[in-house]
Structures are given as structure tokens and as C-alpha cells.
Amino acid sequence: DVKVTQSSRYLVKRTGEKVFLECVQDMDHENMFWYRQDPGLGLRLIYFSYDVKMKEKGDIPEGYSVSREKKERFSLILESASTNQTSMYLCASSQTGQGNTIYFGEGSWLTVV
Amino acid sequence: AQSVTQLDSQVPVFEEAPVELRCNYSSSVSVYLFWYVQYPNQGLQLLLKYLSGSTLVKGINGFEAEFNKSQTSFHLRKPSVHISDTAEYFCAVSEYNFNKFYFGSGTKLNVKP
């Protein structure tokens with residue numbers, strides 16, 4: 001069974017803190033993604049990675065960075081958290097190839113106070 | 001970039017009634033199409049996908065969707081809904097030879113007894 005695991009389901013952080021959201025997949029997928037989900041806005045792509053150490057900006061990369069040192073792990077970093085980054089963050093992965101499904105983790109609820 | 005439009009943000013329906021959730025996408029290039037479901041406080045799960053072939057695609061939980069190339073639509077249907085179908089539904093598109101997925105803003109299906 002496919003599995004994408006996000007290390008923290010619920011986090012509360014203070015404004016200005018550095019925040020790490022970790023994601024691990026066990027399917028040997030090349031591609032990994034970080035999305036942000038907000039009511040009425042659907043899923044917006046923050047960053048994605050198509051290989052180890054490779055990354056590409058999505059639609060809303062400002063205020064975020066990512067790290068992919070190993071194939072199975074993709075980290076999202078908020079260098080200095082702000083209240084407008086309070087949101088649900090979803091990690092996902094997919095195999096390279098036409099029509100392959102994207103698989104999601106359970107999500108991480110981040111509240112910045 | 002693709003644009004995915006889900007015309008209805010909320011759809012209330014009574015149990016055992018039929019339902020259709022609408023999805024339109026922007027691009028005229030060849031695409032793959034997906035519907036995902038998100039239950040409260042969970043990640044997204046694949047309901048069904050269209051890659052090629054028959055334009056009518058059957059998925060899990062009795063859902064089906066029809067691909068209409070001329071109208072660039074991929075509407076989701078179920079002939080008789082259950083309370084357990086209450087969830088948010090997302091339409092997604094990926095283009096041939098690209099690994100990015102574009103999501104609609106979601107439709108909340110609320111099934112009432």
C-alpha cells in the first residue's frame with residue numbers, strides 16, 4: 001500500500017520562528033510536491049521536486065524553501081513564519097510518467113500566532 | 001499553465017438523490033484528468049482518472065465521470081448518494097509530458113438525510 005507520511009499533523013508556532021515540515025514517501029517516487037490548502041482557494045503548489053537536490057518553484061513559493069537530500073524525503077521550510085502562513089499543508093508524490101497518480105499525505109495543520 | 005474551474009463551491013443534496021459535480025479545464029492540449037475526494041481532516045484520495053480510451057470512467061464508491069474534449073469538461077456523477085459521501089471533491093489536470101498537477105478550488109458535497 002502506498003504511503004506518504006507527514007511528520008506532524010498539528011503545529012502551533014510563533015511569528016518569526018523557523019518551521020520545518022517533513023514528508024517521507026515509501027514508493028520510490030521521483031516527484032514530490034508541497035501544496036497549501038486554504039478554504040475557497042483549493043490546492044496551490046508551493047514547490048515541487050523531480051529528483052534529489054532538484055526543485056522548482058510552484059505558484060506561491062514566496063516565504064518558503066524546500067530541501068530534498070534523499071529521494072524519499074522532502075522538507076518544507078518556513079524561514080520566518082508569519083500569520084498569513086497559517087494553513088493546511090499537503091505533501092504528495094508521484095512516479096514520473098504519463099498519467100501517473102499523485103498520492104497525498106494526511107496533511108499538516110500549521111497555526112502561526 | 002492550466003486552469004481548472006469547479007463551478008460549484010457547495011452542493012447540498014438529499015440522500016439517495018443523484019448528483020453531478022462540474023469541472024472544466026482550460027487547455028486544448030492533451031491532458032490527463034482526475035477526481036480526488038477529501039474527507040474531513042484527511043489528505044486527498046483518488047476517486048478516478050481518465051488517461052485515454054472510453055470517455056466514461058468508473059471509480060470507487062459508485063462514482064463515474066465523463067470526459068468531453070470539445071467542452072473541455074470532466075464532470076463527476078453518482079446516481080444515488082449516501083451520507084458517507086459528504087466530503088470535498090477536487091478535480092485535477094496534468095498535461096502530457098509534465099509532472100505538474102493543477103487542482104480546482106474544490107466542491108463541498110453535503111448529503112442530508
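Read-outs: derived from the displayed coordinates by stated rules, not from any lab. This is a predicted model, so every value here is computed, not measured. For neighbour counting, all protein chains shown are included, and Cβ atoms are generated from backbone atoms with ideal geometry for every residue, glycine included.
Here the spin labels are modelled as points 7 Å beyond Cα on the Cα-Cβ line, and at B:LYS112 and B:GLU66 they lie 2.7 nm apart.
Of the residues B:VAL81, B:GLN45, B:SER94, the one whose Cα sits farthest toward the positive end of the charge dipole of the range B:4-112, with +1 on the Cβ of Lys and Arg and -1 on the Cβ of Asp and Glu, is B:SER94. Using all pairs of distinct alpha-carbon atoms, the Kirkwood hydrodynamic radius of the protein assembly as shown works out to 18.0 angstrom. Across all C-alpha atoms in chain A, the radius of gyration and Dmax reach 13.3, 42 Å. Taking all Cα pairs closer than 8 Å and separated by 6 or more residues, the relative contact order of chain B comes to 37 percent.
To the nearest whole number, what is the average tally of beta carbon atoms from other chains within 10 Å of the beta carbons of peptide B:102-112?
Mean inter-chain Cβ contacts per residue within 10 Å come to 3.
Charging the Cβ of each Asp and Glu at -1 and of each Lys and Arg at +1, and nothing else, the dipole of chain A about its Cα centre rounds to 280 debye.
How shielded is A:99-108 by partner chains, expressed as the average number of their Cβ atoms within 10 Å of its Cβ atoms?
6
Cβ under 15 Å from A:SER67's Cβ, A:SER67 left aside: what net charge do those residues give with Lys, Arg +1 and Asp, Glu -1?
Residues close to A:SER67 contribute a combined charge of +2.
The label point for B:ILE83 and the one for A:GLN95, both projected 7 Å from the Cα toward the Cβ, are 3.9 nm apart. Modelled this way, with points 7 Å down the Cα-to-C-beta line, the labels at B:LEU51 and B:TYR39 are 2.7 nm from one another.
Overall shape of the range B:4-112 was characterised from the C-alpha gyration tensor. The equivalent ellipsoid obtained from it has semi-axes of 23, 14, 12 Å, in decreasing order. Once the Cβ-Cβ distance of A:TYR50 and B:GLU15 is raised to the sixth power relative to R0 = 45 Å, the FRET efficiency obtained is 0.55.
As a quick test, which of the pairs A:LYS13/A:LYS55; A:LYS3/B:LYS78; A:LYS3/A:LYS55; A:LYS70/B:LYS78 have an alpha carbon distance above 32 angstrom in this structure?
Pairs exceeding 32 Å: A:LYS70/B:LYS78.
Of B:ASN61, B:ASN24, B:ASN41, the residue with the greatest mean-square motion in the GNM of chain B, using alpha carbon springs below 10 Å, is B:ASN41. Ignoring lysines fewer than eight residues from B:LYS69 along the same chain, the ones with Cα atoms less than 16 angstrom from its Cα are B:LYS49. Only beta bridges with both residues in the range B:4-112 are counted; by DSSP, about 85 percent of them are antiparallel.
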